[in-house]
Structures are given as structure tokens and as C-alpha cells.
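Here the structure is laid out as C-alpha cells; the discussion comes afterwards.
The values are calculated or read from the model by the stated rules, or taken from the named source; none is laboratory data. Just so we're clear, the structure is a prediction, and the values are computed from it rather than from any experiment. Neighbour counts are summed over all protein chains in view; Cβ atoms, including those assigned to glycine, are modelled from backbone coordinates with ideal geometry. Surface areas here come from the heavy atoms of the whole protein model, side chains and all, with no ligands, DNA or RNA. Shrake-Rupley method; radii C 1.70, N 1.55, O 1.52, S 1.80 Å.
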Amino acid sequence: PKNNVAFAHNRIAPGFYGQKNSTKMIITEDVLVALTAAISSPACLSALKGESSGSSYNVCSLLYTSLFSFTFLGNIFSSRCDYINELVDLRQFEHIQKSVATYILLAKTRGTM
């Protein structure tokens, strides 16, 4: 549980490479290099170990966005294994995400959020 895991790759989903994505950022090879450097940086690794400012983080990446979905730019990140073990099963994720989005949209419509 105290180990770390990194998810990195050299491909962006079709339709994103070399085009603007939901964060209005162009995905290029330079961006992929920056994303990979961020998840393997000493600051990221220290934060995952709890050595950064006395705080412990369960995941780090160059950029997290919640604009259209909750995701890390390029889906490239490092995390603690104990956090990964707590994630929702992928078979349930889409249903839960739709429920949360519906709740937020209704709350905004009603003016309660």
C-alpha cells in the first residue's frame, strides 16, 4: 500500500493529438514530455510519500481538469497504490459519474449550489 504507481504512455486518444482538447491545450510531443516529467519529478514523488510540506497527496499530475470530466491531462499521473485500491470499479464508474453530474446540474438549476 505504501508503494507508488505511475500511469504514463506516449499516445493521446484519437482526436486529441495535435488538436485542441477540452482544456484548450494543444497536445504535442513537447506536452507529452512535460506530462511525463511532472509525474516523475522529485516534487511529485515527495508529495506522494508525504515529504512535501508535511502534507500527503494520493495522486499528482501536471494538470487536473474537471471541465467536461474529472481527469488528468493526457491521463498521465502518479499515485499511491492504496489510493488506486480505493477507486470505484470501472463497471460502476459511468453510472456514478452520471448520478453526480445530474445532482450538480439540478442543484445549479434550483439555485442551491
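Worth pointing out:
- When the residues of the stretch 40-80 are filtered to those that are open to solvent by 40 Å² or more (accessible area, probe 1.4 Å), aliphatic (A, V, I, L, M) and not in a helix (DSSP H, G or I), the one that is modelled with the highest pLDDT is 62.
- Looking only at residues in the stretch 81-113 that are free of Cβ contacts under 8 Å to residues at least 12 places away in the same chain and among the charged types (D, E, K, R), the one that is least open to solvent (accessible area, probe 1.4 Å) is 89.
- Filter pass, residue 20 being modelled with pLDDT of 75 or more, more than 24 Å from residue 96 (Cβ to Cβ) and open to solvent by 40 Å² or more (accessible area, probe 1.4 Å): no
- Those residues of the stretch 87-113 which are in a loop (DSSP other than H, G, I, E, B) and aliphatic (A, V, I, L, M), in sequence order: 87, 88, 113
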